[in-house]
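Here's the structure we're looking at; comments come further down.
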Amino acid sequence: MRPSSSREQSPSLPRWRANLLLLVLGAWFIGLAGRALWLQALNNDFLQRKGESRYSRVVEIGASRGMIVDRNNEPLAISTPVESVAASPADVEADPAALRRLSKLLGMSDADLHARLADTRREFVYLKRQLPPDQAERVVQLGIPGVFLQREHRRYYPAGEVMSHIVGFTGIDDRGQEALELAFEETLAGRPGSRRVIKDRLGRIVEDVESIRVPQNGQQLRLSIDARIQYLAFRELRAAVVAHRAKAGAIVVLDVATGEVLAMANMPTYNPNNRGKLDAQRMRNRTVTDLFEPGSTLKPFTAAAALEAGLFKPGTVIQTAPGQLTIGNRTIRDVHPQGALTVAQVIQKSSNVGTAKIGLAMPSEMLWGLFSQVGFGTPPRSGFPGEVSGRLRAHSSWRPIEQATMSYGYGISVSLLQLARSYTVFASDGVLYPVTLVKREGPVQGTRVISAQTALAVRQMLEMAAQPGGTAPGAQVSGYTVAGKTGTAHKLEGRGYATNRYVSSFVGMAPAMKPRIIIAVMIDEPSAGQHYGGAVAAPVFSQVAAGTLRFLAVPPDAPGRTTMLAPEDAPLVREEV
């Protein structure tokens, strides 16, 4: 027998297995070292981004919206800084009680607040926009991590409802929604900037790191509007609409020499500072978006076309007796039969029969040509959004009765701005100027439409219409001569015309022989007993013209003359078409 060993000998691993294990461990350590070198030295962007995401944020720097001012630099729209409450959902740390206090303070439901904070992948979300300062301060006092204030700008309109249809308003994101705020969005909005900051766990900025993009504030927009004239026009228009219990009204004041709009008002109106209760019907700028048949305010253009063609002279006599004219199965009537009238008297008395005879004496394309040249049937291109072109049918489709009614303003539709602009051909010796709502610098180029002789002749007719014996003595202004034309048109109703619904209008200029301003007034459906343009719209012209001429320091052209009134027993010269 062999003697037994006092201790057992442990089995030894084969050398190849030990070498393999050592090789695997070495390769593993080399891989870790390479990965660490790659991430921390050669390609550390990923880890850096992950680290910075815990404290670094890119914050947008809002650009201030440009001011809107009137021609005298009076502010019409300004931006004021306000605070909004925002949050970074990933950083919000609050118990349910704190979130309930926050939702109550913001005036929102708990469910709505939780929904906004649910997506923790988002780094920014608004909770409540444009808060009053005291409410924003109470939010800060809650001290909820991840909830912070964001500085924004809110638009404020000092003139309120007086300028609302011109200036418009912006939405919650300070972008233009209506009128010139919308039309000049690119000019006014500017371009926001951005910067990189470091925030603490409460969402507060503790350090500015770098500026990424410098904000560019919006440019100032200077309008052609004169705030003084605008207030005057608005006041007189509102008084007329109330006094005559009218459905609506509009007024436009133009500078003859430049085509600039000095005032543009509408009723009903709205307050752009109160965006909670906006009515689309009140927001329409009726001077550029609404169409109406102008009626007798178009008669001067028929006379001008006939004079320009050499077919008539101001003194040419036209027989209007017996006060009616039958064409086919239709009859045209005058409210007051007049007998024999000169062309000038046809305009002064506003004879439908006389105007129809003048219109029928010329080819239809001749009448259509003048209507087209003064801008009817095409947008006025004022730069205002939503402006309409009106309706002017091709002359080839006119029947004789249509040519006759077209001559005194039926079968054609225009906007009040189009109508006001068209009268510049009479006020500026035959030249039509483009209209604008933006202040012009330097001379403006117009287009000649009729001769200076024809323009002067028609202007003298319009001056007669604004004197006793004409349809608009109520348009007179003490110390100044005025010229203008009334319109009293039945409104369309179904396939015909309403018997007791009217559009009353007046377009005039002053001083008559060297006009500086044109004013167009439209009163829609007056219902207090008067509906003639001379009684409803002409007095508005008188009041606005008197104040405007003073504001513009236009010297009186008839300083010794007071308003010329017709004798008490003189009949009222009415017109109705």
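The values are calculated or read from the model by the stated rules, or taken from the named source; none is laboratory data. Because the structure is predicted, anything quoted here is derived from the model rather than measured. No Cβ is skipped: glycine too gets one built from the backbone with ideal geometry, and neighbour counts run over all protein chains shown. Protein only, heavy atoms only, side chains kept; ligands, DNA and RNA dropped before computing areas. Shrake-Rupley method; radii C 1.70, N 1.55, O 1.52, S 1.80 Å.
Here are the numbers for this structure:
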item	result
Pick from the range 61-78, criterion open to solvent by 30 Å² or more (accessible area, probe 1.4 Å) and not hydrophobic (A, V, I, L, M, F, W, C), ranking: farthest from Q230 (Cα to Cα)	G62
Qualifying positions in the range 166-192 - part of a helix (DSSP H, G or I) and open to solvent by less than 10 Å² (accessible area, probe 1.4 Å)	I166, V167, A179, L180, E181, L188
Test for V346: is it crowded, with 17+ Cβ neighbours inside 10 Å, assigned to a helix (DSSP H, G or I) and in contact with a helix residue (DSSP H, G or I) (Cβ under 8 Å, 6 or more places away or on another chain)	yes
So A87, is it open to solvent by less than 30 Å² (accessible area, probe 1.4 Å) and within 28 Å of the chain's Cα centre (by Cα)	no
Filter pass, E441 being among the charged types (D, E, K, R), free of Cβ contacts under 8 Å to residues at least 60 places away in the same chain and not in a loop (DSSP other than H, G, I, E, B)	no
Test: residue in the range 425-447 that is within 27 Å of V343 (Cα to Cα) and touching a Phe, Trp or Tyr at 6+ places or on another chain (Cβ under 6 Å)	no
Matching residues, the range 219-232, being surrounded by 22 or more Cβ atoms within 10 Å (Cβ to Cβ) and in a loop (DSSP other than H, G, I, E, B)	S224, I225, D226
Output for the range 233-255, where each listed residue is buried (at least 24 other Cβ atoms within 10 Å of the Cβ) and of a type in the set (V, I, T)	I251, V252, V253
Conditions (1) under 23 Å from P272 (Cβ atoms); (2) touching an Asp or Glu at 6+ places or on another chain (Cβ under 7 Å); (3) modelled with pLDDT under 85: number failed by Q135	(2)
Those residues of the range 414-456 which are touching a Lys or Arg at 6+ places or on another chain (Cβ under 6 Å), crowded, with 24+ Cβ neighbours inside 10 Å and among the β-branched types (V, I, T), in sequence order	V435
So R101, is it closer than 26 Å to R154 by Cβ and modelled with pLDDT under 80	no
Identity of the residue in the range 410-455, farther than 21 Å from P511 by Cα and small (G, A, S), that ends up modelled with the lowest pLDDT	G442
Tally of residues being surrounded by 18 or more Cβ atoms within 10 Å (Cβ to Cβ) and either farther than 26 Å from V414 by Cβ or small (G, A, S) (or both) across the range 298-319	4
Which listed residue is over 38 Å from the mean Cα position of the chain (by Cα), assigned to a loop (DSSP other than H, G, I, E, B) and either closer than 28 Å to N217 by Cβ or of a type outside the set (G, A, S) (or both), from P158, P145	P145
Breaking point among (1) open to solvent by 10 Å² or more (accessible area, probe 1.4 Å); (2) out of contact with any Pro (no Cβ under 9 Å at 6 or more places or on another chain), for N266	(1)
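Listed here are the residues, each with its yes/no results for (1) touching a residue at least 12 places away in the same chain (Cβ under 8 Å); (2) of a type outside the set (A, V, I, L, M); (3) surrounded by fewer than 22 Cβ atoms within 10 Å (Cβ to Cβ).
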position: P468; (1), (2), (3): yes, yes, yes
position: A475; (1), (2), (3): yes, no, no
position: G479; (1), (2), (3): yes, yes, yes
position: K485; (1), (2), (3): yes, yes, no
position: E493; (1), (2), (3): no, yes, yes
position: T499; (1), (2), (3): no, yes, yes
position: G508; (1), (2), (3): yes, yes, no
position: I518; (1), (2), (3): yes, no, no
position: E525; (1), (2), (3): yes, yes, yes
